Amino acid sequence: MLAAIRKNGLTLAIFACATTGLVAVTHHLTKDTIRQQEKIQLLTILNQVIPESLHDNDLYQSCSLVTHSALGTNDPMPAYFATLNGQPSAIAIEAIAPDGYNGAIKVIVGINQQGNITGTRVLSHQETPGLGDKIDLRISDWILGFVGKTVTDTNQDIWKVRKDGGQFDQFTGATITPRAVVGAVKNAVSFVNENHQQLTSQAFNCGGSNE
């Protein structure tokens, strides 16, 4: 009986070691492919939030890490700087909505030189399927409603969902999620517009700039 238990234990140990090794090897062999796919996906999104007509540089390479509470986190967040004919044209910055219904929502917002939003996308979220997930462009076009808008001292009150007296639609049965995204986008735009000169003077240190 004891010998059988030892034999089974040894078999399980060998199997666990083999499985762990296989996972490690698989990760090593696929990490570059995964990284390349992530880069391609990010580039696609960057070219959506900053249209190609507004830049002729490599957005992925033109990246700087920014740390400020207005971005919804104390962690450094990447900002991507667009130029056209050598002149600054727009900034795309990532931000966090920490108050989503099921946790943090990561967004990216493009803002041109005039302070207008050129595009917004949700990068990650855990919101409820069929309710809060309408912030995802794959589910609905709600996120496109930010294009062309800006944040000023005189329009603060309209940067809310309609239930709170603002201009943005909420979802049936799900107000918390769009409210969180609206707040995060508003804060990100305000931050960029108030710190534009300082942001554009930062050295590139993320994306592909430090590879």
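The residues on offer are Ala4, Ala70, Ala90, and the sole one that is modelled with pLDDT under 60, more than 27 Å from Pro129 (Cβ to Cβ) and among the small types (Gly, Ala, Ser) is Ala4.
Within region 108-147, the set of residues being outside any loop (DSSP other than H, G, I, E, B) and farther than 15 Å from Ile93 by Cα comprises Gly132, Asp133, Lys134, Ile135, Trp142, Ile143, Leu144, Gly145.
Mind checking which residues of region 78-95 are open to solvent by less than 30 Å² (accessible area, probe 1.4 Å) and over 12 Å from His196 (Cα atoms)?
Pro78, Tyr80, Ala82, Glu94, Ala95
Report whether or not Ile139 is out of contact with any Gly (no Cβ under 6 Å at 6 or more places or on another chain), surrounded by 21 or more Cβ atoms within 10 Å (Cβ to Cβ) and on the phi < 0 side of the Ramachandran plot. So Ile139 does not fit the description; no. When Gly9 is tested against (1) at pLDDT below 95; (2) open to solvent by 70 Å² or more (accessible area, probe 1.4 Å), only condition (2) is not met. Taking (1) assigned to a helix (DSSP H, G or I); (2) within 22 Å of Thr73 (Cβ to Cβ); (3) at pLDDT 95 or above in turn, Gln198 satisfies each apart from (3). Beta carbons closer than 7 Å, at least 6 apart along the sequence or on distinct chains, pair a first residue in region 80-101 that is part of a strand (DSSP E or B) with a second that is basic (Lys, Arg) and at pLDDT 95 or above for Glu94/Lys106; Ile96/Lys106.
The set of residues from region 190-211 being surrounded by 15 or more Cβ atoms within 10 Å (Cβ to Cβ) and either touching a Lys or Arg at 6+ places or on another chain (Cβ under 8 Å) or among the aromatic types (Phe, Trp, Tyr) (or both) comprises Phe191, Phe204.
In the set Gly145, Gly173, only one residue is in contact (Cβ under 8 Å) with a residue 24 or more places away in the chain and open to solvent by 40 Å² or more (accessible area, probe 1.4 Å); that residue is Gly173.
Okay, residues lined up against (1) open to solvent by 20 Å² or more (accessible area, probe 1.4 Å); (2) aliphatic (A, V, I, L, M):
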position: Thr73; (1), (2): yes, no
position: Pro76; (1), (2): yes, no
position: Ala97; (1), (2): no, yes
position: Gly100; (1), (2): no, no
position: Lys106; (1), (2): yes, no
position: Leu123; (1), (2): yes, yes
position: Gln126; (1), (2): yes, no
position: Lys134; (1), (2): yes, no
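Pairing residues of region 176-188 that are farther than 16 Å from Ala79 by Cα with residues that are of a type in the set (Gly, Ala, Ser), at Cβ distances under 6 Å and at least 6 apart in sequence or on separate chains, gives Thr177/Gly100; Thr177/Gly132; Ala180/Ala97; Ala180/Gly100; Val181/Ala97.
The values are calculated or read from the model by the stated rules, or taken from the named source; none is laboratory data. Every value quoted in this text rests on a predicted model; they were computed, and no experiment measured them. Neighbour counts are summed over all protein chains in view; Cβ atoms, including those assigned to glycine, are modelled from backbone coordinates with ideal geometry. Please note that ligands, DNA and RNA were not included when accessible areas were found on the heavy atoms of the full protein model with its side chains. Shrake-Rupley method; radii C 1.70, N 1.55, O 1.52, S 1.80 Å.
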